[in-house]
Amino acid sequence: MPKHSLRWIAIAGLPLQMALAQYEQLPTLIVEGEVMQPGTVSLQPGTIGSLDAANFLKHVPGGNVNRNGPLTGIAQFRGLYGERVNLLTNQMALKPACTNAMDDPASHIPSALFKSVTIYREVTPVSTGLETLGGTVLMESRQSEFTDKEELGLQGFVTSGYSSVSNGYFGAGLIGVANQNLRAHFSGSVEDGRDYRFERTRRVNPTEYRRETYELGFGARYAGHDFGFTYDKKDIGYTGTPALPMDIIWDRMQIYRGNYAWDLGEGWKLEAMTYYQNVNHVMNNFTLRPSPLDPQRWREAETGIETGGYRLVLTVPAVGPGSLQLGLDGDVFLQNATVRNPNNPRFFYTNFEDTNRNRYSAFLEWQGEPIERLTANLGVRYRFTYMDSGKVDATPAQLAPTGPVAVLRDRFNAAERRQDQHDVDIAMNFRYGLDESLDLVLGLARKTQAPTYQQRYLWSPFEATGGLADGRIYMGTVGLDSEKSYEAVAGFDFRLPHVGDFIHDLYFEPRGFYRYINDYIQGQRATDPVVLAAANVLLPGGSCPNDPSPGDNDAADCVLQWTNIDAQLYGTDIRAGLAVGEYFRLDGILNYTRGLQLSGKDDNLYRIAPLNGRLRGTLSLWDFAFSAEIVGALRQDKVAEFNKERKTSDWSVVNLRLQYQPSYKYVEGLKVAFGVDNLFDNEHRDHLNGLNRVSNVRDLPVGSRLPNPGRNLYVTLVYDF
């Protein structure tokens with residue numbers, strides 16, 4: 001297709017400079033660097049008070065975040081979240097050590113070290129991951145890069161910033177050397193902050209945070225061979241998660257990654273990647289938040305995971321009017337989690353013991369142009385999922401050998417805990433260039449998702465739910481079936497480089513989607529009397545954990561058991577914008593998703609955002625860029641009765657940004673940014689925020705939805721070299 005020279009303002013809610021780019025039609029949505037293309041949005045890392053890369057998902061169509069704490073953001077795309085979204089960090093399918101996703105991979109990259117996020121707006125190709133039912137999100141951090149010179153040169157950046165809403169600060173940087181054959185770097189970041197404010201002086205307790213990250217990396221390439229290795233270390237200290245039963249005391253993670261690529265010539269290419277992740281995690285409910293009045297309700301949990309994966313892909317050219325990818329990939333996962341009480345050395349509760357979830361897969365994917373102006377991507381994947389668990393135990397069972405907890409323990413230990421799943425995914429994407437300004441797109445897919453280890457192996461009623469944060473307690477079901485989704489995505493990309501003499505760079509890119517999911521896994525009201533009796537033993541005071549009036553609900557109102565049902569999701573997401581004159585442009589996104597339960601009683605799916613969007617105007621003059629943005633959402637009254645989900649009101653906030661980037665010699669890499677988020681200090685609550693679990697605090701009742709931060713003044717400085 002013809003290429004057009006387009007000038008864009010970098011968006012994603014940040015004060016960014018104007019950049020000139022060549023148009024290439026992409027079937028993806030990418031947030032990357034300073035260059036924008038149709039089908040992409042852009043940002044500048046290091047110029048926002050946000051802590052982690054999860055928040056950048058709010059700046060792409062269809063993307064959102066389930067927020068349970070300052071460093072606990074769970075990726076959501078078109079109404080699906082958690083394990084259903086295939087989130088890759090630097091191409092790795094990393095896992096949280098916490099059974100409630102306190103350390104979810106969406107939050108692994110600090111915003112200061114963030115490089116790009118890629119979202120597939122059509123049907124997600126099978127080549128992008130092992131399980132892609134809820135789409136694929138690709139997140140990349142900044143690393144050293146090869147140059148086109150023979151001499152070694154210095155490259156890197158330093159950045160720092162301050163946010164008033166949490167009295168938080170960060171500092172980060174990367175220093176490296178590189179030429180056309182070698183590269184090496186060291187990067188790191190430090191972040192620290194207090195509980196954040198909302199509505200003037202009220203604070204959400206606990207939302208303090210501490211995190212340090214370090215990375216060493218190097219690479220070499222010669223005669224068509226490209227090799228790289230990185231070592232990544234992350235340490236999270238005292239960090240609050242008020243929507244969850246406990247807070248992070250520490251989380252210590254090490255990641256090793258190696259990659260290799262061989263360009264064999266004439267379009268043939270071999271790529272390989274492998275990684276290993278090790279995490280140890282401790283959390284409790286008495287250090288950062290007010291401790292329970294009953295010493296027997298104090299809890300401390302230690303969890304640990306070991307996981308690793310591999311990927312091998314051969315690209316074969318000239319297969320018909322296109323090329324073929326043949327791939328083998330997989331990963332292995334081992335989890336252990338035990339809960340204790342520091343006031344009672346005899347107490348223990350084995351949540352998960354030697355729990356395995358291993359995936360082994362192969363795929364074929366063809367991409368080409370079968371007829372003029374039509375491009376196609378066709379793929380099929382087979383996946384084998386092996387799951388197993390060791391035997392479990394708990395002190396309550398030992399204290400009451402014939403009690404309900406002991407009965408559930410014995411049932412689980414006697415069950416056939418090994419479960420094998422054989423699944424097939426199919427994906428087809430088509431793009432037809434109707435003319436130079438208009439592309440039509442269509443995607444069709446069948447995708448599958450095996451149960452998570454929590455859904456299968458949570459052997460007694462507990463809150464280890466992968467971060468649902470709904471205040472319910474859940475019971476696993478060993479014999480769950482895989483989810484099977486049938487999906488269609490349709491839309492178009494309309495672009496005009498010139499509309500008269502005054503308006504240019506006009507684009508309008510809507511998508512509509514529909515997804516029917518057979519055997520969708522969600523909690524249904526538990527009816528087993530043994531499960532309900534066990535819940536009355538384990539629940540604090542016999543009531544729902546987030547109930548503001550303890551004692552008026554029994555276990556039957558709180559306990560859900562994971563079950564296969566049928567469900568559907570449908571909606572639309574739109575991205576649009578235009579430039580007015582030489583210095584001003586307008587950009588926006590709009591999202592709507594509807595989720596429905598189709599089995600049994602009519603109900604809505606849990607944690608679905610209402611109609612929401614953002615509109616931003618950006619003025620660029622000389623070395624300055626100023627932007628004003630309005631972000632908002634309508635009321636959400638289509639809530640999940642089975643979760644006793646609370647409705648939320650509509651809201652809107654105004655954000656202002658100003659960036660200065662001098663064009664003078666020697667300081668061209670300098671960027672100074674000032675911003676005000678939530679200018680009018682509006683109290684507002686995102687529907688995807690979790691519910692407060694922390695009792696005995698002044699400013700936020702138990703069971704209320706976590707408020708978004710109040711007015712935040714921030715300043716950041718970035719210098720690239």
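The values are calculated or read from the model by the stated rules, or taken from the named source; none is laboratory data. Keep in mind that what you see is a predicted model, and the values were worked out from it rather than measured. Note that each Cβ is placed from the backbone with ideal geometry, even for glycine, and that neighbours are counted across all protein chains shown.
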Reported set for the range 120-158 where residues are crowded, with 23+ Cβ neighbours inside 10 Å, among the β-branched types (V, I, T) and not in a helix (DSSP H, G or I) is V123, T124, T132, V137
Qualifying residue in the range 648-665 (condition: touching a residue at least 60 places away in the same chain (Cβ under 8 Å), at positive phi and not in a strand (DSSP E or B)) = no
Do the conditions hold for V117, that is, is it buried (at least 23 other Cβ atoms within 10 Å of the Cβ), of a type outside the set (D, E, K, R) and in a strand (DSSP E or B)?
-> yes
With criteria (1) acidic (D, E); (2) buried (at least 23 other Cβ atoms within 10 Å of the Cβ); (3) at pLDDT below 95, D425 comes up short on (3)
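Yes/no matrix, rows are residues, columns are (1) of a type in the set (D, E); (2) within 30 Å of M283 (Cα to Cα); (3) modelled with pLDDT of 95 or more:
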residue: N336; (1), (2), (3): no, yes, yes
residue: P345; (1), (2), (3): no, yes, no
residue: E353; (1), (2), (3): yes, yes, yes
residue: N358; (1), (2), (3): no, yes, yes
residue: S361; (1), (2), (3): no, no, yes
residue: F384; (1), (2), (3): no, no, yes
Which of the residues spanning the range 689-721 are surrounded by 18 or more Cβ atoms within 10 Å (Cβ to Cβ), touching a helix residue (DSSP H, G or I) at 6+ places or on another chain (Cβ under 8 Å) and of a type outside the set (S, T, Y)?
-> P709, G710, R711, N712
Give the residue that is farthest from V559 (Cα to Cα), with candidates limited to residues of the range 472-494 that are surrounded by 21 or more Cβ atoms within 10 Å (Cβ to Cβ) and acidic (D, E).
-> D493
L700 fails exactly one of (1) of a type in the set (A, V, I, L, M, F, W, C); (2) under 30 Å from G471 (Cβ atoms); (3) within 26 Å of the chain's Cα centre (by Cα), namely (3)
Would you please name the residue that is surrounded by the most Cβ atoms within 10 Å (Cβ to Cβ), looking only at residues in the range 435-471 that are of a type in the set (V, I, T) and in a loop (DSSP other than H, G, I, E, B)?
-> T465
State whether one or more residues within the range 275-295 are assigned to a helix (DSSP H, G or I), modelled with pLDDT under 95 and not acidic (D, E).
-> yes
Residues of the range 575-616 classified as among the aliphatic types (A, V, I, L, M) and touching a Pro at 6+ places or on another chain (Cβ under 6 Å), total | 1
Subset of the range 301-326 (residues that are assigned to a strand (DSSP E or B) and more than 26 Å from the chain's Cα centre (by Cα)) = L314, T315, V316, G322, S323, L324, Q325, L326
Would a scan of the range 671-682 turn up a residue that is out of contact with any strand residue (DSSP E or B) (no Cβ under 9 Å at 6 or more places or on another chain), under 26 Å from L244 (Cβ atoms) and either surrounded by fewer than 19 Cβ atoms within 10 Å (Cβ to Cβ) or of a type in the set (S, T, N, Q) (or both)?
-> no
Taking the range 91-105 and keeping only residues that are within 13 Å of the chain's Cα centre (by Cα) and either β-branched (V, I, T) or in a loop (DSSP other than H, G, I, E, B) (or both), one is left with A93, L94, K95, P96, A101, M102, D103, D104
